[in-house]
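Working notes, beginning with the structure itself.
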Amino acid sequence: MTSENQPIAAMDSLLQASKVNIIPNQEYLLQGSILDVQVQRLLHRLKGLCDNVETAPEQFHDYEACFSLRNIADEQAIHTAPLLLRVRRSNDPADSHMPWQLRYVGNPELGDTKRPTLVRSCFDISCSPSIMEFLTEMGCRLEFEYTVRGYLFRKGRMKITVSKIFRPMNQEPLSGSYLVELSLLAPVGADAVAEDMRVFAEKLKPLVILEKIDHRRIAPN
Amino acid sequence: MGVTILVPYPLDNKKTGPEVVEELSKRLLAMQATQTGHFLVDGDVFESSFNKTKIHVMHNSEYPASVFSILDNGQKQIPLITDLIFDLLMLKVNPIYASRKQLKIESKGPRFELGDFLVKLGSVTMSQSQTFKGLLIEVDYRPCLIPIICWELIREFLQGFLGQYSPTTIPVYFTNSVPNPHHPVPYQKSNDTYQPIDTVQQYLEHFNNYRKQTIALMMGPNK
């Protein structure tokens with residue numbers, strides 16, 4: 001900022017950045033799962049394929065809560081899908097100074113069968129720990145919560161996580177499998193990255209089959 | 001970062017806002033201050049469609065990568081500090097929380113550095129019509145983090161260039177009792193470590209006063 005320059009309002013600069021597509025607000029995602037007994041083989045495979053070979057896989061232990069926000073004033077809007085917001089923080093005491101993460105995830109675009117990955121709009125926002133109270137007072141309802149432990153790998157801009165989900169109260173595992181996710185955050189129009197993800201997913205076959213998963217089909221209701 | 005004190009500058013009918021800003025700028029330059037650009041603090045209000053909850057979303061050019069939000073449900077205020085992308089999320093939350101564009105308010109003007117002090121002369125304007133509302137003077141004493149320790153020094157400094165208009169007591173924001181989540185006895189902000197959100201909360205108090213004045217004027221004296 002020079003003395004001649006007036007600061008631009010934050011909202012204006014953000015909308016400008018949004019207009020020229022430099023904000024990474026699209027998540028490209030492939031998901032799959034692997035049985036506990038086979039997970040070591042997958043970790044070895046990923047260690048060989050990914051960037052962080054020397055540092056070995058990064059481990060994480062997170063807590064995540066999912067909140068929903070509905071427009072209760074509008075009767076018609078009650079039947080539409082609520083806005084979902086996810087709050088995530090690390091359970092590791094060494095990360096206690098790290099910001100919490102607030103995540104908005106939009107509806108997935110699955111329609112285009114030629115597209116190799118699921119694409120959904122997504123905002124990842126670092127925030128202060130007051131976010132839980134803030135969302136509750138905003139009128140958000142806590143839908144579910146869980147803890148997740150696992151390993152994180154990187155390959156270029158791609159993020160690969162192999163993680164296990166636990167109930168937060170008693171740390172009981174939810175299933176006998178690990179969830180495998182291959183994801184990438186990119187600005188609108190960066191569809192070429194989806195092809196790189198498809199190629200990478202091919203390399204993990206037949207240990208794990210990463211696919212586009214329609215979450216609406218597996219939802220309880 | 002240090003301790004920031006925000007004081008409104010009373011305007012009489014003799015001089016306009018820009019004239020006062022120019023006069024104070026000259027005074028600061030005569031005190032060997034250097035102008036280091038401009039600053040901007042702005043505040044938007046989002047109001048719930050089903051209750052009285054308000055979310056104040058504010059930005060401070062001193063912290064250009066952050067958004068400061070304060071949720072006010074009438075009984076308590078919950079501050080939240082986030083990345084800039086939070087602004088895009090607030091657009092998604094519409095119409096559950098709708099933006100009250102006519103209550104948008106901002107304070108902007110020149111920024112000066114003078115030794116350990118930072119002085120900002122803010123002209124407050126409201127809504128898209130940019131109606132002038134008043135002047136807010138921000139003084140930041142950077143080497144200290146506990147308000148009560150450096151208040152006397154800031155007061156003396158303010159007296160040096162505001163003269164009769166300088167405040168004699170620390171702003172009420174610092175002396176109000178705040179409930180302590182870790183202890184039954186409430187504490188005062190004046191004894192606590194100063195944080196960037198404290199600057200934003202001081203601005204919010206003054207912004208809300210300007211908003212109330214405007215709403216009162218719009219409603220007329222009979223209502």
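Observations
- Taking 4.7 Å between C-beta atoms as the pairing limit, the protein assembly as shown has these partnerless cysteines: A:Cys50, A:Cys66, A:Cys122, A:Cys127, A:Cys140.
- Solvent-accessible area, 1.4 Å probe, carbon plus sulfur percent, for the stretch B:75-208: 53
- Cross-link table A:Lys155/A:Lys205; A:Lys47/A:Lys164; A:Lys114/A:Lys159, entries beyond 20 Å C-alpha to C-alpha: A:Lys114/A:Lys159
- A:Ser96, B:Ser48, reordered so the largest accessible area comes first (probe 1.4 Å): A:Ser96, B:Ser48
- Couplings for the stretch A:101-107, taken from phi via the Karplus curve 6.51 cos²θ - 1.76 cosθ + 1.60 with θ = phi - 60°, read 10, 10, 10, 9, 10, x, 6 Hz in order; Gly and Pro are left as x.
- Kyte-Doolittle mean at least 0.5, axial Cα span of 18 Å or more - DSSP H helices of chain B: B:147-162
- A convex hull fitted around the alpha carbon atoms of the stretch B:3-219 yields 144 Å³ per residue.
- For the set A:His44, B:His182, B:His206, B:His59, solvent exposure ranked by accessible area (probe 1.4 Å, protein chains only) runs largest to smallest as B:His182, A:His44, B:His206, B:His59.
- All other residues whose Cβ lies under 14 angstrom from that of B:Leu28 are scored, Lys and Arg at +1 and Asp and Glu at -1, for a net of -1.
- The stretch A:7-124: projected area of the alpha-carbon convex hull, averaged over directions, in nm²: 13.2
- Computed over every Cα-Cα pair of the stretch B:1-128 and binned at 5 Å starting from 0, the pair-distance distribution P(r) comes out as 2, 9, 16, 19, 17, 13, 11, 8, 4, 1, 0 percent.
- The mean number of partner chain beta-carbon atoms within 10 angstrom of a residue's beta-carbon across peptide B:90-99 is 4.
- Residues B:Ser49, B:Ser123 ordered from highest to lowest accessible area at a 1.4 Å probe: B:Ser49, B:Ser123.
- Residue among A:Ala201, A:Ala190, A:Ala65 with the largest mean-square fluctuation in a Gaussian network model of chain A, springs linking Cα atoms under 10 Å: A:Ala190
- Rg to Rh, two decimals, where the stretch B:4-65 supplies the alpha carbon set and Rh follows Kirkwood: 1.13
- The stretch B:169-220, relative contact order [Cα under 8 Å, separation at least 6], %: 23
- Checked against a 18 Å cut-off, the cross-linked pairs A:Lys19/B:Lys104; B:Lys101/B:Lys133; B:Lys54/B:Lys189; B:Lys26/B:Lys120 give Cα-Cα distances beyond that limit for A:Lys19/B:Lys104; B:Lys54/B:Lys189.
- The stretch B:3-219: relative contact order in percent, alpha carbon pairs under 8 Å with at least 6 residues between: 22
- Taking Cβ atoms as reference points and 13 Å as the exclusive limit, the residues near B:Met126 contribute a net charge of +4, counting Lys and Arg as +1 and Asp and Glu as -1.
- Counting only protein heavy atoms and using a 1.4 Å probe, the accessible area of B:Val185 comes to about 90 Å².
- Distribution of pairwise C-alpha distances over the stretch A:24-218, 5 Å bins, in %: 1, 7, 13, 18, 19, 18, 13, 7, 3, 1, 0, 0
- Measuring with a 1.4 angstrom probe and ignoring ligands and nucleic acids, B:Ile85 comes out at about 40 Å² accessible.
- Protein heavy-atom accessible area occluded, B/A pair - total, 1.4 Å probe, Å²: 3100
- Cα centroid of the stretch B:107-135 to Cα centroid of the stretch A:29-68, whole Å: 50
- All-pairs alpha carbon distance profile, the protein assembly as shown, 10 Å steps from 0, percent: 4, 17, 25, 22, 16, 11, 4, 1, 0
- Selection among A:Pro116, B:Leu114, A:Ala201 by position relative to the dipole of the protein assembly as shown gives A:Pro116 as farthest towards the positive end (Cβ unit charges, Cα centre).
- Mean residue ellipticity (222 nm) of chain B, computed from DSSP H runs ≥ 4 via -39,500 (n - 2.57), nearest 500: -9500 deg cm²/dmol
- Based on Cα contacts under 8 Å between residues 6+ apart, the stretch A:24-218 shows a relative contact order of 33 percent.
- Solvent-accessible surface (1.4 Å probe) assigned to B:Ile197 amounts to roughly 10 Å².
- Averaged over the residues of peptide A:123-129, the number of Cβ atoms from other protein chains lying within 10 Å of each residue's Cβ is 6.
The values are calculated or read from the model by the stated rules, or taken from the named source; none is laboratory data. Bear in mind the structure is a predicted one, so any value in this text is a computation, not a measurement. A quick note on method: Cβ atoms are made from the backbone with ideal geometry, for glycine too, and the neighbour counts reach across all protein chains shown. Areas reflect the complete protein model, heavy atoms only, side chains present, ligands, DNA and RNA absent. Shrake-Rupley method; radii C 1.70, N 1.55, O 1.52, S 1.80 Å.
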